[in-house]
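Note sheet for the following structure.
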Amino acid sequence: MLYEKEKLEQYFRDEIRRVSEQQIEELNEEIAEIQEKTIKDIEASARHDVDLACDQEMKELQSEYAIRQSRLHDETDRQLMKKRNELAEMIFHDVIEKIKDFTSQDAYKELLSSRAKELASKQYPCPTIYVREEDMQYAQAIQKEFEEGTKVQADESIQYGGFRLECIENGIIVDETFDSALNEQKEWFYQNSGLFVK
(Lines give C-alpha, C1' and ligand atoms only; values in the text may rest on other atoms or scores of the structure.)
Protein backbone atom coordinates (compact mmCIF):
# COMPACT_ATOMS: atom_id res chain seq x y z
CA MET A 1 0.00 0.00 0.00
CA LEU A 2 2.92 2.29 0.62
CA TYR A 3 3.98 1.69 -2.92
CA GLU A 4 0.52 2.74 -4.13
CA LYS A 5 0.67 5.88 -2.06
CA GLU A 6 4.05 6.84 -3.46
CA LYS A 7 2.83 6.16 -6.94
CA LEU A 8 -0.20 8.31 -6.36
CA GLU A 9 1.91 11.12 -4.92
CA GLN A 10 4.25 10.86 -7.88
CA TYR A 11 1.29 11.00 -10.23
CA PHE A 12 -0.04 14.16 -8.55
CA ARG A 13 3.40 15.75 -8.59
CA ASP A 14 3.76 14.99 -12.27
CA GLU A 15 0.28 16.30 -13.01
CA ILE A 16 0.86 19.46 -10.95
CA ARG A 17 4.21 19.99 -12.76
CA ARG A 18 2.60 19.39 -16.15
CA VAL A 19 -0.33 21.76 -15.45
CA SER A 20 2.04 24.31 -13.93
CA GLU A 21 4.37 24.13 -16.90
CA GLN A 22 1.41 24.44 -19.26
CA GLN A 23 0.10 27.48 -17.38
CA ILE A 24 3.59 28.99 -17.24
CA GLU A 25 3.93 28.44 -21.00
CA GLU A 26 0.52 30.04 -21.62
CA LEU A 27 1.48 32.97 -19.36
CA ASN A 28 4.82 33.34 -21.19
CA GLU A 29 2.98 33.37 -24.55
CA GLU A 30 0.50 35.95 -23.22
CA ILE A 31 3.35 38.08 -21.84
CA ALA A 32 5.16 37.80 -25.19
CA GLU A 33 1.99 38.89 -27.04
CA ILE A 34 1.49 41.82 -24.62
CA GLN A 35 5.17 42.79 -25.02
CA GLU A 36 4.94 42.59 -28.82
CA LYS A 37 1.72 44.65 -28.89
CA THR A 38 3.17 47.21 -26.44
CA ILE A 39 6.37 47.52 -28.50
CA LYS A 40 4.31 47.97 -31.69
CA ASP A 41 2.13 50.62 -29.98
CA ILE A 42 5.24 52.43 -28.66
CA GLU A 43 6.88 52.26 -32.10
CA ALA A 44 3.70 53.54 -33.80
CA SER A 45 3.37 56.34 -31.26
CA ALA A 46 7.04 57.24 -31.63
CA ARG A 47 6.74 57.18 -35.45
CA HIS A 48 3.65 59.41 -35.21
CA ASP A 49 5.49 61.84 -32.90
CA VAL A 50 8.51 61.87 -35.22
CA ASP A 51 6.26 62.50 -38.25
CA LEU A 52 4.52 65.37 -36.44
CA ALA A 53 7.87 66.85 -35.40
CA CYS A 54 9.19 66.50 -38.97
CA ASP A 55 6.07 68.11 -40.40
CA GLN A 56 6.30 70.96 -37.91
CA GLU A 57 10.01 71.44 -38.64
CA MET A 58 9.31 71.38 -42.39
CA LYS A 59 6.54 73.99 -42.02
CA GLU A 60 8.83 76.22 -39.96
CA LEU A 61 11.63 75.86 -42.54
CA GLN A 62 9.23 76.64 -45.42
CA SER A 63 7.87 79.64 -43.55
CA GLU A 64 11.38 80.90 -42.77
CA TYR A 65 12.40 80.35 -46.40
CA ALA A 66 9.34 82.27 -47.67
CA ILE A 67 10.10 85.16 -45.28
CA ARG A 68 13.76 85.26 -46.34
CA GLN A 69 12.81 85.09 -50.02
CA SER A 70 10.28 87.90 -49.56
CA ARG A 71 12.86 90.07 -47.75
CA LEU A 72 15.44 89.37 -50.44
CA HIS A 73 12.89 90.23 -53.15
CA ASP A 74 11.96 93.47 -51.35
CA GLU A 75 15.62 94.43 -50.92
CA THR A 76 16.33 93.70 -54.60
CA ASP A 77 13.32 95.80 -55.60
CA ARG A 78 14.54 98.66 -53.37
CA GLN A 79 18.02 98.52 -54.90
CA LEU A 80 16.62 98.39 -58.46
CA MET A 81 14.26 101.29 -57.71
CA LYS A 82 17.13 103.31 -56.25
CA LYS A 83 19.32 102.61 -59.29
CA ARG A 84 16.47 103.43 -61.67
CA ASN A 85 15.86 106.73 -59.88
CA GLU A 86 19.58 107.57 -59.97
CA LEU A 87 19.73 106.88 -63.72
CA ALA A 88 16.57 108.89 -64.40
CA GLU A 89 17.84 111.72 -62.21
CA MET A 90 21.12 111.78 -64.10
CA ILE A 91 19.40 111.74 -67.51
CA PHE A 92 16.91 114.46 -66.63
CA HIS A 93 19.58 116.57 -64.94
CA ASP A 94 21.41 116.60 -68.29
CA VAL A 95 18.16 117.45 -70.12
CA ILE A 96 17.46 120.34 -67.71
CA GLU A 97 20.98 121.68 -68.23
CA LYS A 98 20.43 121.59 -72.01
CA ILE A 99 17.07 123.36 -71.60
CA LYS A 100 18.74 126.05 -69.47
CA ASP A 101 21.44 126.44 -72.10
CA PHE A 102 18.82 126.69 -74.88
CA THR A 103 16.74 129.33 -73.01
CA SER A 104 19.80 131.59 -72.87
CA GLN A 105 20.12 131.65 -76.69
CA ASP A 106 18.40 133.81 -79.33
CA ALA A 107 16.77 130.67 -80.76
CA TYR A 108 14.64 130.50 -77.59
CA LYS A 109 13.21 134.00 -78.15
CA GLU A 110 12.46 133.00 -81.76
CA LEU A 111 10.71 129.82 -80.57
CA LEU A 112 8.52 131.81 -78.14
CA SER A 113 7.55 134.26 -80.89
CA SER A 114 6.88 131.47 -83.38
CA ARG A 115 4.66 129.50 -80.97
CA ALA A 116 2.87 132.71 -79.92
CA LYS A 117 2.16 133.54 -83.60
CA GLU A 118 0.81 130.01 -84.18
CA LEU A 119 -1.51 130.21 -81.15
CA ALA A 120 -2.60 133.77 -82.01
CA SER A 121 -3.80 132.51 -85.40
CA LYS A 122 -6.38 130.40 -83.55
CA GLN A 123 -7.89 133.64 -82.15
CA TYR A 124 -8.51 132.58 -78.58
CA PRO A 125 -10.72 135.21 -76.86
CA CYS A 126 -8.95 137.41 -74.28
CA PRO A 127 -6.07 135.05 -73.49
CA THR A 128 -3.59 135.43 -70.67
CA ILE A 129 -0.08 134.18 -71.37
CA TYR A 130 1.93 132.91 -68.39
CA VAL A 131 5.75 132.77 -68.57
CA ARG A 132 8.54 132.29 -66.06
CA GLU A 133 9.87 135.44 -64.37
CA GLU A 134 13.09 135.40 -66.45
CA ASP A 135 11.05 135.41 -69.68
CA MET A 136 9.14 138.60 -68.87
CA GLN A 137 11.82 140.29 -70.98
CA TYR A 138 10.10 138.67 -74.02
CA ALA A 139 6.61 139.81 -72.99
CA GLN A 140 6.34 142.48 -75.72
CA ALA A 141 7.55 140.07 -78.45
CA ILE A 142 4.89 137.54 -77.38
CA GLN A 143 2.14 140.12 -76.83
CA LYS A 144 2.59 141.74 -80.26
CA GLU A 145 1.58 138.43 -81.93
CA PHE A 146 -1.85 138.57 -80.27
CA GLU A 147 -4.71 141.04 -80.47
CA GLU A 148 -4.98 143.84 -77.97
CA GLY A 149 -6.24 142.82 -74.56
CA THR A 150 -3.88 139.86 -74.27
CA LYS A 151 -1.94 139.89 -71.00
CA VAL A 152 1.48 138.37 -70.33
CA GLN A 153 2.17 137.55 -66.68
CA ALA A 154 4.92 135.85 -64.70
CA ASP A 155 4.12 132.47 -63.11
CA GLU A 156 6.39 131.06 -60.40
CA SER A 157 5.30 127.50 -61.20
CA ILE A 158 7.04 127.67 -64.59
CA GLN A 159 10.69 126.86 -63.91
CA TYR A 160 12.26 125.91 -67.23
CA GLY A 161 10.63 128.02 -69.93
CA GLY A 162 7.95 128.11 -72.56
CA PHE A 163 4.51 129.54 -71.81
CA ARG A 164 0.92 128.62 -70.98
CA LEU A 165 -2.09 130.24 -72.62
CA GLU A 166 -5.32 130.43 -70.62
CA CYS A 167 -8.79 131.64 -71.58
CA ILE A 168 -10.57 131.19 -68.28
CA GLU A 169 -14.01 132.22 -69.56
CA ASN A 170 -13.91 129.50 -72.22
CA GLY A 171 -12.08 126.90 -70.09
CA ILE A 172 -9.17 126.78 -72.55
CA ILE A 173 -5.63 125.98 -71.40
CA VAL A 174 -2.81 125.40 -73.87
CA ASP A 175 0.32 124.35 -72.04
CA GLU A 176 3.48 125.03 -74.05
CA THR A 177 5.80 125.03 -71.02
CA PHE A 178 9.01 123.04 -71.00
CA ASP A 179 7.98 121.96 -67.49
CA SER A 180 4.94 120.03 -68.67
CA ALA A 181 6.85 118.62 -71.68
CA LEU A 182 9.58 117.46 -69.29
CA ASN A 183 7.01 115.85 -66.94
CA GLU A 184 5.39 114.03 -69.88
CA GLN A 185 8.80 112.80 -70.99
CA LYS A 186 9.54 111.57 -67.46
CA GLU A 187 6.31 109.56 -67.45
CA TRP A 188 7.07 108.19 -70.90
CA PHE A 189 10.61 107.33 -69.80
CA TYR A 190 9.45 105.43 -66.73
CA GLN A 191 6.88 103.48 -68.75
CA ASN A 192 9.09 102.71 -71.76
CA SER A 193 12.67 102.65 -70.53
CA GLY A 194 12.55 99.03 -69.41
CA LEU A 195 13.88 100.15 -66.01
CA PHE A 196 10.72 99.22 -64.14
CA VAL A 197 10.54 96.83 -61.18
CA LYS A 198 8.19 93.81 -61.44
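Of 177, 128, 38, which has the largest mean-square fluctuation in a 10 Å C-alpha GNM of the chain? Highest fluctuation of the listed residues: 38. A cut-off of 5 Å between modelled amide H atoms, ignoring neighbours fewer than 5 places along the same chain, links residue 177 with 163.
Along the Cα-to-C-beta direction of residue 121, a point sits 7 Å from the Cα; which residues of the range 170-185 have their amide N less than 20 Å from that point? Label zone hits: 173-177.
Among 20, 113, 157, the largest mean-square fluctuation in a Gaussian network model of the chain, built with springs joining Cα atoms closer than 10 Å, belongs to 20. Residues whose amide H lies under 5 Å from that of residue 172, counting only those 5 or more places away or on a different chain, are 167; hydrogens are built 1.01 Å from N in the peptide plane.
Considering only 62, 105, 22, the mean-square fluctuation computed in a Gaussian network model of the chain, springs between alpha carbons under 10 angstrom, is largest for 22. Computed over the alpha-carbon atoms, the range 95-198 gives an Rg to Rh ratio of 1.04, Rh here being the Kirkwood radius from the mean inverse distance. Short to long, the 10 Å bins of the Cα pair-distance histogram for the range 19-123 hold 11, 13, 12, 10, 10, 9, 8, 7, 6, 5, 4, 3, 2, 0 percent of all pairs. The convex hull around the C-alpha trace of the chain, projected and averaged over every direction, spans 23.0 square nanometres. Across the range 52-64, rounded Karplus estimates of 3J(HN,Hα) from the backbone phi angles (6.51 cos²θ - 1.76 cosθ + 1.60, θ = phi - 60°) give 4, 4, 5, 4, 4, 4, 5, 4, 5, 5, 5, 5, 4 Hz, Gly and Pro being marked x. Full extension of the chain between residue 96 and residue 7 gives 19.0 nm of extra length, using 0.36 nm per residue less the Cα-Cα distance.
Here the Karplus curve 6.51 cos²θ - 1.76 cosθ + 1.60, taken at θ = phi - 60°, turns the phi angles of the range 78-84 into couplings of 4, 5, 5, 4, 4, 5, 4 Hz, with x standing for Gly and Pro.
May I ask you to give the solvent-accessible area per residue for the range 95-138, in square angstrom, as obtained with a 1.4 angstrom probe? Each step should come with its number before you reach the end.
Values: 2740 Å² over 44 residues.
Value returned for the range 95-138: 62 Å² of accessible area per residue.
Between 0 and 90 degrees, the angle of helix 178-192 with respect to the longest Cα principal axis of the chain falls at about 30 degrees.
Over the chain, Cα pairs under 8 Å with separation of 6+ residues give a relative contact order of 15 percent. Here the 3J(HN,Hα) profile of the range 100-114, calculated from phi with Karplus coefficients 6.51, -1.76 and 1.60 at θ = phi - 60°, is 4, 5, 5, 5, 9, 9, 5, 4, 5, 4, 5, 4, 4, 5, 4 Hz, Gly and Pro shown as x.
The values are calculated or read from the model by the stated rules, or taken from the named source; none is laboratory data. Not measured: the values here are computed from a predicted model. Glycine also receives a Cβ, built like all others from the backbone with ideal geometry; neighbour counts cover every protein chain displayed. With ligands, DNA and RNA removed, areas are computed over all heavy atoms of the protein, side chains included. Shrake-Rupley method; radii C 1.70, N 1.55, O 1.52, S 1.80 Å.
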